[in-house]
Each structure stands twice: as C-alpha cells, then as structure tokens.
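Undergrad: Got a structure for you, written out below as structure tokens; questions coming shortly.
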Amino acid sequence: MQFIILIVLFGGMMWFMQRNQKKAANKRQEQLNSMAPGSEIVTIGGLHGILSSVDSEKGTIELDAEGVILTFDRSAVKSVKPVESVATSDALDGVISEAKSDVTEVTEKSATPDSPFE
C-alpha cells in the first residue's frame, strides 16, 4: 500500500514539473514570435540593441547596437520589449517636427545681421 502511494506521489510530482516546463516553453516561444523590427532586445550575453530584422528561414535576427548591426540566433534572445504603440510614435513625430521648426527659426534669426559687431 505504501508503495502505491509513493508511486502516485512521484507521478503527480512529475506531472506538475512537466506542466511548468511546458508553460515556460510556450511563454518563451510566444516572446520570440512577438519580436518585430523596432523591439528592444537583450541577448543572453547582455547585449542591448534594437531589432532591425528577423530571418525566420535561417532562424537569425539582426540587432542594431548603436549603429553596429550584429547577427544572432533567435535562441540568443533573453528578453524582448515590444514596439511601443502607434499613438506614442505619432506623439514623438510631433515633438521631432516641433524641434526641427525651432531649429529652423533659430537658424533664420541668426542669419540676419542684427548684431552691431558684424
């Protein structure tokens, strides 16, 4: 009787362990599938970069690390921060265009010879 209880407990423990491993594998696969150009990536080696392209045939990705393009296997990805929403991107575009117009105004003002020292 004790032997049967021991076998049932061991079987239950194995079932729970497999279940947790399967959940972790599904979560990892979902993370790898959610990668899109523009996502912030951290590799298992600790390299931070922006995803520039994904080659699903070769199973590789290309990261832009401050202007240097590096190729890694998809399995080398530790974490993925997804691309921000389109609304945030539009807001950033608005800020950038305002900054450009400010620079243009400053440039135009400095081009006029109002200074008595010229």
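The values are calculated or read from the model by the stated rules, or taken from the named source; none is laboratory data. No experiment lies behind these values; they were computed from the predicted model shown. All Cβ positions, glycine included, derive from the backbone under ideal geometry; neighbour counts span all protein chains shown. What goes into the accessible areas is simple: the full protein's heavy atoms, side chains included, and nothing from ligands, DNA or RNA. Shrake-Rupley method; radii C 1.70, N 1.55, O 1.52, S 1.80 Å.
Undergrad: Ignoring ligands, DNA and RNA, what percent of the accessible area of the stretch 1-79 is carbon or sulfur (1.4 Å)? Could the numbers behind the result be given before it?
TA: Values: 3640 of 6060 Å².
Exposed carbon and sulfur together represent 60 percent of the surface.
Undergrad: Let me ask something else. Please sort 73-79, 55-61, 39-45, 11-17 by packing, taking for each peptide the average over its residues of neighbouring beta carbons within 10 angstrom, highest first.
TA: Details: 73-79: 14.0, 55-61: 12.4, 39-45: 16.0, 11-17: 10.0.
Ranked by mean Cβ neighbours within 10 Å, highest first: 39-45, 73-79, 55-61, 11-17.
Undergrad: Report Rg(Cα)/(2.2 N^0.38 Å) for the stretch 1-59, keeping two decimals. It would help to have the intermediate numbers written out before the result.
TA: Numbers: Rg = 19.5 Å, N = 59, 2.2 N^0.38 = 10.4 Å.
Normalised by 2.2 N^0.38 Å, the Cα Rg of the stretch 1-59 equals 1.88.
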